[in-house]
Amino acid sequence: MAKKRKLGIQRTDISDGAVMNSATYADYNYRLKKIATSIFEWVNLPDSMDARYIEKCLYYQGTVALLKSDKYGFINTKATDNGQFNIYGLPTELHCYSYSFNENRRLYSGLNEANPASDTEECILVMNTWDRLPTDATIQLFAYRLAEAERTIDGNVKAQKTPILILTDENQRLTLRNTYLQYDSNAPVITGDKNQLTADSIRVLKTDAPYVVDKLSEYKKDIWNECLSFLGVNNIAYEKRERLVADETNSNNELINLNLMSFLEPRKLACKQFNEKYGLTGDKAIDVKVRSDLDNLIKRTASVVVDEYADKVIEDETFKDMGVTNE
């Protein structure tokens, strides 16, 4: 019986390169997913609801249902279209399901209907974007490009260490490979059979691989920043921001805020409908806000939740820009 191969970084053949490719892609995909699912904070959710699961479903499926169940109370579930479409192109019903829940519910749309449904017959639709598209598909593309750039950097670094191509007979291949592995693993002393490896048995060709790590690193940063812009996250480094003119900075901030609003507004509509449907007001009303301590126009104006710390920071920075000390 063949022994199971242990997981880890063991770069001994082509298959290990494929493992590293997959591991690098999975790593970048996970890193970006962490950011994407941590941007928004759900406030005042009932204890029976789960903000983590809301963002997870929106990330992977693009939609979530908020509803009231006789058995569980207020809950959030996965959702797929069901029934006909209303005058705004939304489904009249949703199939609401989870690991231990499965129901068809009428969609609450806020329209004045002749026969309104009861609290346990309707549900609220939460959309990731107005097109109800998941974030995952785009993140996968960015993760693929980042992984490609990272693995190309790895290859270029490796080429600086071994900028040669070795030619030998087939019967010398294994011996030469074992010798090369000692070199690749930074062995302090490399040994070989003098009868096997001779000047006549091998030939070395120089590849003269150029060093392009710096250019590839800049390319990778551009991809990373483009992804952050797509998510609505500010990505201009402080030192770079100082070199930009005001119009360039404002243009970038506008793009970031518009991208952020494309995710935030559908969530806020769902909060409004939920509060309206179930009569929640004041400190019982649910809301969603940007999870950030940075000065952000959307955070200042688009949340019903008071963030005194953020307001104080923004106020201090405003006075500072005016040249006035805010005591």
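The numbers here are math on the coordinates, done by the rules we state, and not lab data. All values derive from a computational prediction rather than experimental measurement. All Cβ positions, glycine included, derive from the backbone under ideal geometry; neighbour counts span all protein chains shown.
Across the cross-link table entries Lys33/Lys277; Lys33/Lys71; Lys56/Lys284; Lys220/Lys272; Lys78/Lys220, which are compared at the Cα atoms, the separations over 29 Å belong to Lys33/Lys277; Lys33/Lys71; Lys220/Lys272; Lys78/Lys220. In this simple spin-label model, placing a label point 7 Å from the Cα along the Cα-to-Cβ direction at both Val213 and Lys34 gives a separation of 2.3 nm. Here the ratio of the Cα radius of gyration of segment 63-127 to 2.2 N^0.38 Å is 1.04. The stretch between Thr175 and Asn86, if pulled fully straight at 0.36 nm per residue, gains 24.8 nm over its current Cα-Cα span. Taking Lys and Arg as +1 and Asp and Glu as -1, the other residues whose beta-carbon sits under 10 Å from that of Thr24 total -3. For the peptides 37-48, 209-220, the ranking by mean Cβ contacts within 10 Å, running from highest to lowest, is 37-48, 209-220.
Our estimate of slack between Val19 and Val157, defined as 0.36 nm per intervening residue step minus the Cα-Cα distance, is 47.9 nm. Each 10 Å bin from 0 upward holds the following percent of the Cα-Cα pairs of segment 114-157: 21, 22, 21, 14, 10, 8, 3. Taking the Cβ of His95 as the center, what net charge do the other residues with Cβ under 13 Å away carry, scoring Lys and Arg +1 and Asp and Glu -1? Result for the local shell: 0.
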